[in-house]
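S.K.: Can you keep this structure in mind? I'll have questions shortly.
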């Protein structure tokens, strides 16, 4: 193990990690918003839109991110739509992640007892108030492990950004491997970089789950 080589290239990996984290978190945030919308459309059986949401979820979950990125970056220009590599990265991650987030939210909502919603209706709450104050807090407590698992999965999927010529962690590692021939050192630094990015997310997931359950959102007694 050449520690001098590792030390000299830490700035390169830091720059790659920043690209990975910046566009990864942007895609994750958009995926959560899209997933919640699709979940509510299916949960409340909104006509037409429910079927569209279900079709999107099946399409996104059953096609690889690599194929989706190629379609955005190389396919759309064929019909006159050109997007930057950064835009393709965020859109692709949002498209894939939204489907997984929708299923995580749906499992959380379905875990809430029907009596909770009925109690809110008896209190005179509107549908939106029922969702905001009764259903979502309890559903979120149940869905937290799945949501954070999806966050970790999506950040790891950012390794596909290298096909768009973005200088993310994977592209930095591949460039150093081909130019310097230090495969062991390069892969060691790549694994360490992803661990440094994802370990805090895992710890945050454990903390969030404990806090939500301690606050009483996971015990079906909000009403």
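The values are calculated or read from the model by the stated rules, or taken from the named source; none is laboratory data. Keep in mind it's a predicted model, so treat the numbers as computed, not measured. Note: ideal-geometry Cβ built from the backbone for every residue, glycine included; neighbour counts use all protein chains shown.
S.K.: Run residue 15 past the list (1) more than 15 Å from residue 193 (Cα to Cα); (2) in contact with a helix residue (DSSP H, G or I) (Cβ under 9 Å, 6 or more places away or on another chain) and report the number of the one that doesn't hold.
M.R.: Just one mismatch for residue 15, condition (1).
S.K.: Among the residues of region 92-115, is any within 18 Å of residue 165 (Cα to Cα) and surrounded by 17 or more Cβ atoms within 10 Å (Cβ to Cβ)?
M.R.: yes
S.K.: Now, a different point. Identify the single condition in (1) within 29 Å of residue 187 (Cα to Cα); (2) more than 19 Å from the chain's Cα centre (by Cα) that residue 79 does not satisfy, given that it satisfies every other one.
M.R.: Tallying (1) within 29 Å of residue 187 (Cα to Cα); (2) more than 19 Å from the chain's Cα centre (by Cα), residue 79 fails exactly one: (1).
S.K.: Starting from residues that are closer than 16 Å to residue 183 by Cβ and loosely packed, with under 10 Cβ neighbours inside 10 Å, keep the ones in region 1-18 and report whichever is modelled with the lowest pLDDT.
M.R.: 1
S.K.: Sticking with this structure for a sec: Hey, among 173, 119, which residue is part of a helix (DSSP H, G or I) and closer than 30 Å to residue 44 by Cβ? Before the answer, list the steps.
M.R.: Values: 173 fails: closer than 30 Å to residue 44 by Cβ.
Within the list 173, 119, the selection yields 119.
S.K.: So if I check each of 92, 124, which one is modelled with pLDDT of 80 or more and either under 23 Å from residue 55 (Cα atoms) or in a loop (DSSP other than H, G, I, E, B) (or both)?
M.R.: 92
S.K.: Any idea which of 29, 35 is within 19 Å of the chain's Cα centre (by Cα), free of Cβ contacts under 8 Å to residues at least 40 places away in the same chain and assigned to a helix (DSSP H, G or I)? Walk me through it before giving the result.
M.R.: Working: 35 fails: free of Cβ contacts under 8 Å to residues at least 40 places away in the same chain.
None of the other options fit; the residue is 29.
S.K.: Please find, among 172, 184, the residue that is surrounded by fewer than 19 Cβ atoms within 10 Å (Cβ to Cβ) and either modelled with pLDDT of 85 or more or more than 25 Å from residue 90 (Cα to Cα) (or both).
M.R.: 184
S.K.: Is there a residue being closer than 22 Å to residue 210 by Cα and buried (at least 22 other Cβ atoms within 10 Å of the Cβ) anywhere in region 148-155?
M.R.: Looking through region 148-155, at least one residue is closer than 22 Å to residue 210 by Cα and buried (at least 22 other Cβ atoms within 10 Å of the Cβ).
S.K.: Do the conditions hold for residue 76, that is, is it out of contact with any helix residue (DSSP H, G or I) (no Cβ under 8 Å at 6 or more places or on another chain), more than 22 Å from residue 144 (Cα to Cα), part of a helix (DSSP H, G or I) and modelled with pLDDT under 95?
M.R.: Yes, satisfied.
S.K.: Another question about this same structure. For region 38-51, what are the residues that are in a helix (DSSP H, G or I) and touching a helix residue (DSSP H, G or I) at 6+ places or on another chain (Cβ under 8 Å)?
M.R.: 38, 39, 40, 41, 42, 43, 49, 50
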